[in-house]
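First up is the structure itself, then whatever we jot down about it.
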Amino acid sequence: MEFPDLGRHCSEETCKQLDFLPLKCDVCEREFCKDHFTYAAHKCPFAYKKDVQVPVCPLCNSPIPVKKGEVPDVVVGEHIDRDCKYRPGKKEKIFTYRCSKKGCKKKEMLPLACEQCRGNFCIQHRHPLDHSCTRGSRAISVAGCSAARASESKPSGALNTLSSCWLARQLRWKVKR
């Protein structure tokens, strides 16, 4: 042989192949051939120091921080036992806004607040005439509509009040049917 000092033998016990371009493991500082230079291939005992992966909780899909030297499976197990926000028996309620009208038990996904009394109502009772609203500065009953019509000084405002009163009566009539 012309170059006896050229190259290095693979540090893997089962290989010992002479490699002219050996690769050095950055964790255990040993030299390996191309087949054994990965952490898993040479079963590097210190791979956990460099091979950092962030485990994700299988229930709530949130990343779990793992400190160096801790076993990820143990940390995820502790998270599931203590901090996991996923609760299989408890469902999130979608329809949480209950109607304030006496006798109505309907619930809505979004709040439908009355501008006059600030009560929360279902779609059927969202208008002041439908839930017998007793507060506010606007007319709240059919009799109040006619009184507001008489007191309006502007012709365009009276037409708007008249049309809203007419619309309220029509809606009320359809609901009664």
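The values are calculated or read from the model by the stated rules, or taken from the named source; none is laboratory data. Everything numeric in this text was worked out from a predicted model, so none of it was measured. Note: ideal-geometry Cβ built from the backbone for every residue, glycine included; neighbour counts use all protein chains shown. We work out accessible area using only protein heavy atoms, side chains counted, and drop any ligands, DNA or RNA first. Shrake-Rupley method; radii C 1.70, N 1.55, O 1.52, S 1.80 Å.
Scanning segment 11-34 for residues that are outside any strand (DSSP E or B) and surrounded by 14 or more Cβ atoms within 10 Å (Cβ to Cβ) yields a total of 10. Can you find, within segment 46-78, the residue that is most open to solvent (accessible area, probe 1.4 Å) among those that are in contact with a Phe, Trp or Tyr (Cβ under 7 Å, 6 or more places away or on another chain) and among the aliphatic types (A, V, I, L, M)? Selected residue: 59. Number of residues in segment 79-116 that are loosely packed, with under 10 Cβ neighbours inside 10 Å, closer than 30 Å to residue 53 by Cα and modelled with pLDDT of 85 or more equals 2. Which condition breaks for residue 61 when tested against (1) within 27 Å of residue 14 (Cβ to Cβ); (2) assigned to a loop (DSSP other than H, G, I, E, B)? Failing condition for residue 61: (1). Scanning segment 1-10 for residues that are in a loop (DSSP other than H, G, I, E, B) and at pLDDT below 90 yields 1, 2, 3, 4, 5, 6, 7. Selection of first residues in segment 63-76 that are within 12 Å of residue 49 (Cα to Cα) and of second residues that are modelled with pLDDT of 90 or more and not small (Gly, Ala, Ser), restricted to Cβ pairs under 6 Å at least 6 apart or on distinct chains, gives the following pairs, ordered by first then second residue: 66/75.
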